[in-house]
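To start, the structure itself, in structure tokens.
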Amino acid sequence: MPIPVTISMDVVDAGSWWRTCLSLYKQKRRWAWGVENFPLVLRGFLRNKKIPLYDKCRHAFKLLEGHVTWAALPFLLTFVGWLPAILSGREFSNTVLYFHSGRVTQTIFSLSSLVVLGTVILSTRLLPPKRKKFNLFWNVIHSLEWLLVPVILLFLSALPALDAQTRLMSGRYMEFWVSDKRRSKTS
């Protein structure tokens, strides 16, 4: 049974499309800077004798793994299929594994495309009814926006996280920056 809940959120909006993307990039980079808290969490875990060792290890791993995969996983998913062809030597290129690696990669990405298609269908079914009716053309366009998810993950999620983590490792600290936000006129 649906429960109506009032939600009010500000959305990054810097006036133009390009400036909004840049502002969103900076916002995600600021969020990814949170990996700096990892040593503080570990220090707190080492000092606290009341938390079981298993819970300490589990929470520390989840925190570190979340930040590492945020920065690395979209790059791996995008480029890992090309690695055997680029990095393989002459001996490996004559093997059965090399011959079938393209087909295996294609099968994996085809199956993941089915999952994305299922997500598109499920998300359109779960959304509340629209106030304004759109024609079939705009509904198709909105569904095709899901094809941009890999690009958005790479450039507006993984790249800012990698940028923040690289800045932290090299000692180039960031200042606090507030992203440009606007509220819609209807709220």
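Rule-based calculations on the coordinates, nothing more; no lab input. As the structure is a computational prediction, the values presented were derived from the model and not from experiment. In this analysis, Cβ positions are derived from the backbone assuming ideal geometry, glycine residues included, and neighbour counts consider all displayed protein chains.
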Which longest run of the chain has no exposed loop site in it, a site being GluC sites (Glu not before Pro) in a DSSP loop with at most 15 other beta carbons within 10 Å, and the site itself not part of the run?
1-90
Rounded to one decimal in nm, the spacing of the 7 Å Cα→Cβ label points at Leu22 and Ile3 is 4.3 nm
Where a label projected 7 Å from the Cα of Tyr98 along Cα→Cβ would reach, residues of segment 40-84 with amide N under 13 Å
84
Of Leu154, Thr78, Trp138, which is farthest on the positive side of the dipole of segment 14-176, counting Cα position, with +1 on Lys and Arg Cβ, -1 on Asp and Glu Cβ, and the Cα centre as origin?
Trp138
Of the chain, which part is the longest with no trypsin sites (Lys or Arg not before Pro) in a loop (DSSP not H, G, I, E, B) and with at most 10 other C-beta atoms within 10 angstrom?
1-48
Apply the membrane-span-like helix rule to the chain: whole DSSP H runs, Cα extent along the own long axis of at least 18 Å, mean Kyte-Doolittle hydropathy at least 1.0. List the helices found.
96-126
Suppose we keep just the alpha-carbon trace of the chain; what are its Rg and Dmax in angstrom?
21.9, 64
Looking only at chymotrypsin sites (Phe, Trp or Tyr not before Pro) in DSSP loops with at most 10 other Cβ atoms within 10 Å, what is the longest site-free stretch of the chain?
1-172
Suppose a student asked you for the relative contact order of the chain, using Cα pairs under 8 Å spaced at least 6 residues apart; what percent would you report?
52 percent
For Lys132 and Leu168, calculate 0.36 nm times their separation in residues minus their Cα-Cα distance, and state this gained length in nm to one decimal.
8.4 nm
Taking a crude spin-label model, label points 7 Å out from Cα along the C-beta direction, the Ser113 to Thr78 distance in nm is 1.9 nm
Label-point separation, Gln106 to Asp10 (7 Å along Cα→Cβ), nm:
4.9 nm
